[in-house]
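The next block holds one structure in the form of structure tokens; read it before the comments.
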Amino acid sequence: MKARKIFAVLCATMMMGTMQIPALAAEAPAETTAPKYIFLFIGDGMSYPQIQSANYYLSASEGENGKTDDILHSQNNLCFMDFEVAGSAQTFDSTSFCPDSASTATSIATGNKTYSGTINMDETMTVAYETIAEKLRDQLGYKIGVLSSVNLNHATPAAFYAHQASRNSYYEIGEELIASDFDYFAGGGLLKENGADGDKENLYTLAEQAGYTVVKTKAEAEALTNGAKAIVIDETLADSSAMSYAMDLEEGEWGLADYVEKGIEVLDNETGFFMMVEGGKIDWACHANDAAATITDTLALEEAVQKAVEFYNEHPDETLILVTGDHETGGLTIGFAGTNYDTFLTNLSNQKISYAKFDSDYVSKYKEEGTDFDAVMADITELFGLEAPAEDQTDDAAKLDSKDAHPEGEDEGTLVMTAYEYGKLKAAYEETMTRSAEDEIDQEEYILYGSYEPLTVTITHILNNKSGVAFTSYSHTGLPVEVFAEGNGAELFGGYYDNTDIYFKLAELTGVE
């Protein structure tokens, strides 16, 4: 900042016709102290489209017919959108402009670039990087919490305690989790808990031997008190032993916000704490092109941020809250060719179940029982709101004409499918019912379905498009990510910079080396 001030004064002096360099008045240093309590929220796969679609969804829900006709409805509905500072971070890594979670989380946690798939190791895989969490613990005595809605030895949470050439070394990452001696872990279950071949000592057993309280029920989690050293695994694990999607939670089940609230209780102390919280299933939903699940899990992360805001309101001079993403996933866009300049975001409220739960609870049974399309269509209408077109419009379902492209009533956000959409859905149903795990996927099939169940991803594609949103990819993209900051030191996080600077700004603020 001083260099910029000097440059500005020089420029002004030169414009007045003199080359004399003026003396700068000494500025009295401000009395500042490092924040004692730091929250770092990372929405995995969450960039501006994910935030804005969630924000617009809430705004549209207040309007009529899913439209936001009144500009007053286009407000900041997510608490962190009103944080005092907003910045942007680039996300490229040593491999690609479309990086992965391991390398981008490494950049945030250590200030270093590395290859996709690598956690806190350099490009030679011989040098390990110390993380901001490790430094805050070792140098300042802060207590440390690591939370995630996905597996605790997944890439993003692992980047705050592990050092591995491959993010897939789940057992070894689990061993490092235990060895970290961090105070509070909470979220999804550990992958490969008995090793890749199932022949190693159970990670949870090793954790208990190391002094951790391993908690696997809500009742046990509720009973944790301040100062506990715990690994808390969600009681109702879903796909891949991760927490359930927010839209699939049953009444009374804990979500990410509950684990943050408990984490604050467990970690609170006079010296300070650092808590990293990952909304990991935003990324998973975007990979699967499930816009409704993307929005609801983004809102679940926002609810978790609210818990930190409540703590901040009690400790405003001692707390810093950061909300960012590691990269963008899916190439989410607000706007679709079939709806022109309109969006109908409230259509997404018709989706009652995530793609993953639909796969596990419904599609698997369809395959086992050979369920016919009419019965499947009844479930689709109940769970996603999509309706079949009138019988006289389905005879040539695969044909797309000008009327199908812009059918009457489309401007009202109808969920009645066109003949074209209905044909795509039937084709996807046939593909799901006949495809085997051994079948190779050709280019056309991948563009249509990715690696997901053809039926399921086609349902979400149609609902997305009828809502006026779309995805361009089943992978990550190169978009920059948001950085919202509130509290002690927030002013450092404005501007446009590299994701590695998030680490350097935290290090500068706290004085760790």
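For region 52-106, name all the residues that are open to solvent by 60 Å² or more (accessible area, probe 1.4 Å), in a helix (DSSP H, G or I) and either modelled with pLDDT of 95 or more or in contact with a helix residue (DSSP H, G or I) (Cβ under 7 Å, 6 or more places away or on another chain) (or both). Answer for region 52-106, where residues must be open to solvent by 60 Å² or more (accessible area, probe 1.4 Å), in a helix (DSSP H, G or I) and either modelled with pLDDT of 95 or more or in contact with a helix residue (DSSP H, G or I) (Cβ under 7 Å, 6 or more places away or on another chain) (or both): 56, 61, 62, 82.
The residues of region 456-487 that are surrounded by 23 or more Cβ atoms within 10 Å (Cβ to Cβ) and assigned to a loop (DSSP other than H, G, I, E, B), listed by number, are 468, 471. Those helices (runs of 4 or more DSSP H) of region 107-195 in which 1 or more residues are within 29 Å of residue 246 (Cβ to Cβ), touching a Ser or Thr at 6+ places or on another chain (Cβ under 6 Å) and not β-branched (Val, Ile, Thr) occupy 155-158. Can you say whether residue 118 is of a type in the set (Ser, Thr, Tyr), open to solvent by less than 40 Å² (accessible area, probe 1.4 Å), modelled with pLDDT of 95 or more and farther than 20 Å from residue 479 by Cβ, as far as the supplied structure shows? When the stated conditions are applied, residue 118 passes them.
From the list 453, 444, the lone residue that is touching a helix residue (DSSP H, G or I) at 6+ places or on another chain (Cβ under 7 Å), open to solvent by 10 Å² or more (accessible area, probe 1.4 Å) and not aromatic (Phe, Trp, Tyr) is 453.
Of all residues being more than 19 Å from residue 502 (Cβ to Cβ), out of contact with any strand residue (DSSP E or B) (no Cβ under 7 Å at 6 or more places or on another chain) and charged (D, E, K, R) in region 123-146, which is surrounded by the fewest Cβ atoms within 10 Å (Cβ to Cβ)? Just the residue, please.
It comes out as 138.
Please find, among 285, 300, 292, the residue that is within 28 Å of residue 475 (Cα to Cα), touching a Leu at 6+ places or on another chain (Cβ under 7 Å) and open to solvent by less than 10 Å² (accessible area, probe 1.4 Å). Of the residues listed, the single one that is within 28 Å of residue 475 (Cα to Cα), touching a Leu at 6+ places or on another chain (Cβ under 7 Å) and open to solvent by less than 10 Å² (accessible area, probe 1.4 Å) is 292.
Considering region 413-443, the residues that are among the charged types (D, E, K, R) and modelled with pLDDT of 95 or more include one that is farthest from residue 363 (Cα to Cα), namely 421.
The values are calculated or read from the model by the stated rules, or taken from the named source; none is laboratory data. This one's a predicted model, so the numbers in the text were calculated from it and none came from an experiment. Glycine gets a Cβ as well: all are built from the backbone with ideal geometry, and neighbour counts include every protein chain shown. The area values use the complete protein model at the heavy-atom level, side chains included, leaving out ligands, DNA and RNA. Shrake-Rupley method; radii C 1.70, N 1.55, O 1.52, S 1.80 Å.
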